[in-house]
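The structure appears right after this line, and notes come after that.
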C-alpha cells in the first residue's frame, strides 16, 4: 500500500461528509504529517459533536434510546475512516494510537449502529465523556519522557514487530543515548497483557550482565523501556561469518553459557532460545552478549505459564509439537542451546553440515532423539565445549 496515497484518499473521503475542522489543532501539533494532522483534528471534532448528540438521546434505565439515521450514518463513516487509518498506518512512521476509552467506545458503537432507519442505543448505556482538552489520538511514533521539571518528546523508529508487541528505537537527547521501547499491541487480551507485564517483571528481577536491562513500565500505555543493543547474534554472524576468528566465536559462546547458567539458577526456562533473541553490544574492545525476549519464560508456580501456550521458537525441538509445549523442560532448553552454540562455532545454521568431529559429537549428543542422552544441564554442556 502507498501510505501517502491512502492518507490522501481518507482525507478526501472525510471532506466529502464534513468540513475540515482545526478546532483541536493544539492537541495534535506534534503530528508531523499535515494531512494526517487535519484528519485527526476533524475526526476528534466530529466525534465530539456526534457523541454530544448521542448523549442527548441516551436511554433511561432498561429502556432503549434512538439515534437518528443521519447521525448514525455520519458516525459510522467517521469510525470507518478512523479505524481504516489506524490499521493501515500501524507499522509505519505515521502510526497512531486511539485512547483506550474512545477505542472501547468506538468498538461498542460499531455493535449497534445501523446505516438505515437510525440506531437503537442499548439500554443502560453510560453518558459519554467528551474530550475537549485530552487528545483522542496520540502518535505511536513519539514517546514522552517525564522529568521532574520537563517533559521530553522523542520520535520513535519501528525496528521490530512480534505477536504481542511492536519494538521501537529512540534517541534520548537528554541523556544523549539510544533506548528501546517495547509497546504492547492494542488488540491483546487481558491475559496477554498480564503476560506482557510479567515479562517485564521477570527481566527486572534478574541481575546479570548477560540479561538485557529493562528500566520502567508505563501502565497507561502498556509499554516499557529497555537498553538498546547493537544487533542480534543472527545479524552479527551473517555479517562477519567469513572473518570471525575461532577465539571470537569461543568468547561469544562462553557468554551464552554463563547467561543460561544464571537463568537456570533462578529456576527459569527461557523457552524461545534462538539467534534473534540473543543480542550483542559492540564496544571498541569487547563484544557483550545479552539475552532478551522473555515472553515465553517458564517460571515455577506461575499462573501465566499456560498449558495451552502455542509452540514457538524456530530453534526448539520439533518433537515438542507432539509432546506438547507445556511439557517443555531443561533437555528441550539444552537442545535449542546446542543448535545456537554449533551455529556460532561453525557458522552453519544447518547442524547436519558440520564436519569437525568434536563439534559433530557435541551436536549429536545435544540433539539426540533420546532425551536421556542429551545434555541434562548447561554446566554439562560447558564441560564438553571446553574440550572442543
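What follows draws every value from the coordinates through simple rules; no lab data is involved. For clarity, every value in this text was computed on a predicted model and none was experimentally measured. When we count neighbours, we look across all protein chains shown, and the Cβ atoms used for this are built from the backbone with ideal geometry, even at glycine.
Numbers below:
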read-out: Angle in degrees between helix 34-56 and the longest Cα principal axis of the chain, rounded to the nearest 10; value: 60 degrees
read-out: Distance in nm between pseudo-label sites at residue 112 and residue 242 (7 Å out along the Cβ direction from Cα); value: 6.7 nm
read-out: Nearest 10 degrees, 0 to 90: helix 69-88 Cα axis against the chain principal axis; value: 20 degrees
read-out: The range 3-139: mean projected area of Cα convex hull, nm²; value: 7.9 nm²
read-out: Spread of Cα-to-Cα distances over 5 Å intervals beginning at zero, given as percent, for the range 97-255; value: 1, 6, 12, 15, 15, 14, 11, 8, 6, 4, 3, 2, 1, 1, 0, 0
read-out: Whole-number D in µm² s⁻¹ for the range 231-387, Kirkwood Cα-pair radius fed into Stokes-Einstein, 25 °C, 0.890 mPa s; value: 153 µm²/s
read-out: Added length on full extension, which subtracts the Cα-Cα distance from 0.36 nm per residue, residue 68 to residue 99; value: 8.6 nm
read-out: Cβ-based exposure ranking for 104, 370, in which fewest neighbours within 10 Å come first; value: 370, 104
read-out: Relative contact order of the chain, defined on C-alpha pairs under 8 angstrom at six or more residues apart (%); value: 9 percent
read-out: Reciprocal mean inverse distance between Cα atoms of the chain - Kirkwood radius, Å; value: 24.2 Å
read-out: Two-site FRET efficiency, residue 383 against residue 173, from Cβ-Cβ distance with R₀ of 45 Å, rounded to 0.05; value: 0.40
read-out: log₁₀ of I(q)/I(0) at q = 0.20, 0.23, 0.24 Å⁻¹ - the range 80-140, Debye sum with one point per alpha carbon; value: -0.90, -1.05, -1.09
read-out: Per-pair calculated FRET efficiency, R0 = 56 Å: residue 355 and residue 15 via Cβ, rounded to 0.05; value: 0.25
read-out: Burial ordering of 261, 80, 202, fewest other beta-carbon atoms within 10 Å first; value: 80, 261, 202
read-out: Computed [θ] at 222 nm, helices only, for the chain once each DSSP H run of length n ≥ 4 contributes -39500 (n - 2.57); value: -12500 deg cm²/dmol
read-out: Sorted by Cβ density within 10 Å, fewest first, the residues 185, 353; value: 353, 185
read-out: Cα-based helix-to-principal-axis angle, 3-15 vs the chain, degrees rounded to 10; value: 20 degrees
read-out: Convex hull of Cα atoms in the range 142-227, direction-averaged projection (nm²); value: 6.2 nm²
read-out: The range 326-372 and the range 73-130: distance between their alpha carbon centers, rounded to Å; value: 51 Å
